[in-house]
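A short write-up of the structure that comes next.
The values are calculated or read from the model by the stated rules, or taken from the named source; none is laboratory data. Note that the structure is a prediction, hence the values are computed from the model and not measured. All Cβ positions, even for glycine, are placed from backbone atoms using ideal geometry, and neighbour counts span all protein chains on display. Keep in mind that these areas ignore ligands, DNA and RNA; they rest on the heavy atoms of the full protein, side chains included. Shrake-Rupley method; radii C 1.70, N 1.55, O 1.52, S 1.80 Å.
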Amino acid sequence: MSTGRFSEELLKKYLLAGKIRFLSFTLLLLFLVLMKFFGGYSYLNIFFTSLIIVEAILNQPYRFILRKVDISRFQYFQMTVDIIVISWVIYYMGGIQAPVVTIAYYAVILWAGLASTSSAVFFAVAASSFFFALFILLGYTGIFLPVAPFSGKVPLPQLYSLIIGNISFFFAFGYFSAYSSRTLKALEQKRQEESLRNAHKLLATGHLIGSLAHDMLNYLFSIRGYVKILLEGEKRSREDIETLESIERLERKSSELLLRLSKFSKKTAHEFARTDIHKTLEETLELLHPLLRYSRISIEKMFEAGLPEISADADQLQEAFVSLVLNAIDAIGNKEGKLIIRTGFLKKGESIKVVFEDTGRGMSHEALSRMGELFFTTKEPRKGLGLGLMTAYGIISRHHGRIEVESREGKGATFSIILPVARPKDEQASRGAGIP
């Protein structure tokens, strides 16, 4: 993972941790107020309240601070503040006699593992161990005045065993946090690499199909020319003429098919205009109505109202939708099934999401990993060449969108299309030039 991307991910986790920190210490303050109100131990004083304010308000990852610091280094400062405040809280709540509060140390260690690196985990464990032992010993020796609402000391051997036991748990939990974090990050990286590899396969296949289609069209045009020459010749029998005309018709149909196939791998010269995604979906279902009417598939539409328009070529988008609906029909087969079409708005990224979820036979993990291979298909040999998804992918890619696939064998498949919302500059840039 690049440094820039790591910092970006760390920033997102920092902002989330700040919200959790604020909520946790606000709830702690409320808990202490309720304890005092109902006659329990009263921990509240000016110093203790100040600690809560430091964590809930001052020790926050404010954006104006993060813009001026190196976030990879700043995390160590913020963890140190967290651990010192937690140590003071434990001291004020009874020291070693309030062991349940040490769970806050584990929260810091766990956060270091999930959000950062193994080095951050080791730092969190070492700092937690040092300040925990320091505050407990200073309170036990009387250097720190006893301020807990109850008095009494544990025997020294028991004190040492509790300190060593807690520190041992810190290191054990740190190892678990670091190991789990590495495992989760490795799995996430593998998933991203597989997704990127499949995307590259589809793009490469698109270029390959475009080149093959171009060459095959040249051959077919040559055949057309020879047929015309033969048709214009003299002394042809009726049977010969009919045969040549049949060849010509087949040539034209083959050329049309190859022309359509080559479109998805090239830049288009169509104008992209503001498009209502729901209207395009309705027109797609209307186009497929004769096929759907005689199938045993029910269509469930879950359209979110008020979706913004997108900048798109409606005809091409419809072609992609047709491919996905036909894919669902083939997956469900002759049995009863359902195709759910959902739409929604994604605030993050200013995009809309179109989901095609079927109850078909689904795909195995192996089939999912091979979807980018040329002519690979899970259909029966005479039902398809495996080009439908690649065609849809090429169209969506030219609209600056992406397709995400989730499927389990026997559990159906879900195809999610994410498309950016239309902006004025998008229309001007794409007009007449196409979108790569």
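Residues in the stretch 107-189 average 56 Å² of solvent-accessible surface per residue, probe 1.4 Å, ligands and nucleic acids excluded. Past the 25 Å Cα-Cα mark, which pairs from K185/K411; K190/K411; K253/K353; K253/K301? In this structure, K185/K411; K253/K353; K253/K301 lie more than 25 Å apart at Cα. Amide H to amide H distances under 5 Å link F144 with G139, where only residues 5 or more positions off or on other chains count and H is placed in the peptide plane. Scoring 300-311, 170-181 by mean Cβ neighbours within 10 Å over their residues and listing the highest first yields 170-181, 300-311.
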